[in-house]
Amino acid sequence: MYPFRPFPPTELMDQAEEEDAIRLAPAQELLAWVKDNYLTMGGQLHNPDHDHIAELIHDNEEFLAFAWASSAAMAKKRMVLGQCEKVMFNQGGWKKARQEQQMRDWFGFVPQYLITIDAAFCEQTSDREFCRLIEHELYHIGVERDEDGEIIYSDTTGLPKHYLAGHDVEVFFGEIRQHGIDSSVQRLLDIAKNAPFVSEKNIAACCGNCVIN
Ligand SMILES: [Zn+2]
């Protein structure tokens, strides 16, 4: 088990500072920690919503990989602290070969999904925010379900059909101010009335802090 939250390697941060550029590095330790805590029954942060990921990882180690990025990326004028991508190299030829080689050099395989996490953010953020960021990125790996909520399996591979999932709520503050809340925001408000499932004690137990009983 990994009872301590992984921290990004200091060499990565030092080298990025020296080069004045964003550097990336594989984060196998992060995958191991996520597996133990989110994707294993009885794990401190186990969430059955991600069981379809767990199922695939147990069958096929090449499904998911994690990487650290030395600092945040900017997209649409917002800081991006985490990114989940479906690894698909649209181009062919040497460009594809080069990108696939990068994945093999890092992980030993080309993963189907890659989650990249801002190491600078993780160095200084709280355990709760760190756990939340990982949870957020895992939710971007969606699985197709039928009307009854049962997972749809592919006829050809026999595996669940995954896709890159969008956010449940996407809204502008001004839109709500002008037009009021819609059903997705209503659902958000209903959920927010309950205490979070993940307690401070769960977080302390997997992030390595003392637990005060
Ligand atoms: Zn997101």
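Here are the numbers:
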{"item": "Test set (1) closer than 15 Å to Ile141 by Cα; (2) surrounded by 18 or more Cβ atoms within 10 Å (Cβ to Cβ) - Trp68 fails condition number", "result": "(1)"}
{"item": "Residues of region 44-89 satisfying the condition of being within 21 Å of Cys207 (Cα to Cα), away from the ligand (no atom under 14 Å from the Cβ) and of a type in the set (A, V, I, L, M, F, W, C)", "result": "Leu45, Ala54, Ala65, Phe66, Ala67, Trp68, Ala69"}
{"item": "Region 130-147, subset among the charged types (D, E, K, R) and surrounded by 13 or more Cβ atoms within 10 Å (Cβ to Cβ), residue nearest to the ligand (Cβ to nearest atom)", "result": "Glu137"}
{"item": "Helices (runs of 4 or more DSSP H) lying entirely in region 147-213 (those with 2 or more residues that are of a type in the set (S, T, N, Q) and out of contact with any helix residue (DSSP H, G or I) (no Cβ under 9 Å at 6 or more places or on another chain))", "result": "183-192"}
{"item": "Residues being within 16 Å of the ligand (Cβ to nearest atom) and small (Gly, Ala, Ser) - total across region 153-189", "result": "3"}
{"item": "Per-region count, region 158-168, residues of a type outside the set (D, E, K, R) and surrounded by 11 or more Cβ atoms within 10 Å (Cβ to Cβ)", "result": "6"}
{"item": "Pair list, Cβ under 7 Å, 6 or more apart: region 150-179 residue at negative phi and touching a residue at least 24 places away in the same chain (Cβ under 8 Å), other residue basic (Lys, Arg) and more than 16 Å from the ligand (Cβ to nearest atom)", "result": "Ile151/Arg145"}
{"item": "Test: residue in region 73-88 that is surrounded by 12 or more Cβ atoms within 10 Å (Cβ to Cβ) and assigned to a loop (DSSP other than H, G, I, E, B)", "result": "yes"}
{"item": "Test set (1) surrounded by fewer than 10 Cβ atoms within 10 Å (Cβ to Cβ); (2) within 16 Å of the ligand (Cβ to nearest atom) - Ala195 fails condition number", "result": "(2)"}
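Values in this text are rule-based calculations from the coordinates and carry no lab data. All values derive from a computational prediction rather than experimental measurement. FYI the Cβ positions are ideal-geometry reconstructions off the backbone, even for glycines, and counts take in every protein chain you see.
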